[in-house]
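As structure tokens, the structure follows; a few thoughts come after it.
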């Protein structure tokens, strides 16, 4: 049965973004980023903020020193918690984007703390992103499985 579900998802993947369930997902994240700004793994938590460098290093398997001077993309940045972490790691630049208006607005506030090399955009990860620069690392944490087309998200 799982194989059949996978096949159906693959066949309708290009149309998933137009389906009500995907609009509901977009609306849900807009609601979350707008109305639920506090939580243990969000920037409202001093404990989380103090551990973000170690968290990024543990998930990426890179040392904090490796990040210094690097160019980073934070794909599906939400409210900017990882963008904040990359700023604390001393990256050279960070391009962040999200599909949510609130996410983009909140991440812009975070980006201002780290200077003009931190840019934030409203983009859908399943569309042509239009970035011409190269990145040393693309960070996409907890995003692709919500898109309705995980495979396409990896391809782009």
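Laboratory data are not the source of any read-out in this text; all were calculated from the coordinates shown. Values in this document were obtained by computation on a predicted structure and should not be read as measured data.
Values as computed for the structure displayed
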quantity	calculated
More than 25 Å apart - percent of Cα-Cα pairs taken over region 31-156	18
log10 of Debye I(q)/I(0), alpha-carbon scatterers only, for region 77-150 at 0.21 Å⁻¹	-0.93
Chain lengthening between residue 138 and residue 32 when straightened (0.36 nm per residue, less Cα-Cα)	35.8 nm
Extension gain, residue 53 back to residue 68 (0.36 nm per residue minus Cα-Cα distance, nm)	4.2 nm
Centre separation in Å (Cα based) which lies between region 50-105 and region 113-156	12
Gain in span if fully extended, residue 46 to residue 131, counting 0.36 nm per residue against the direct Cα distance	27.3 nm
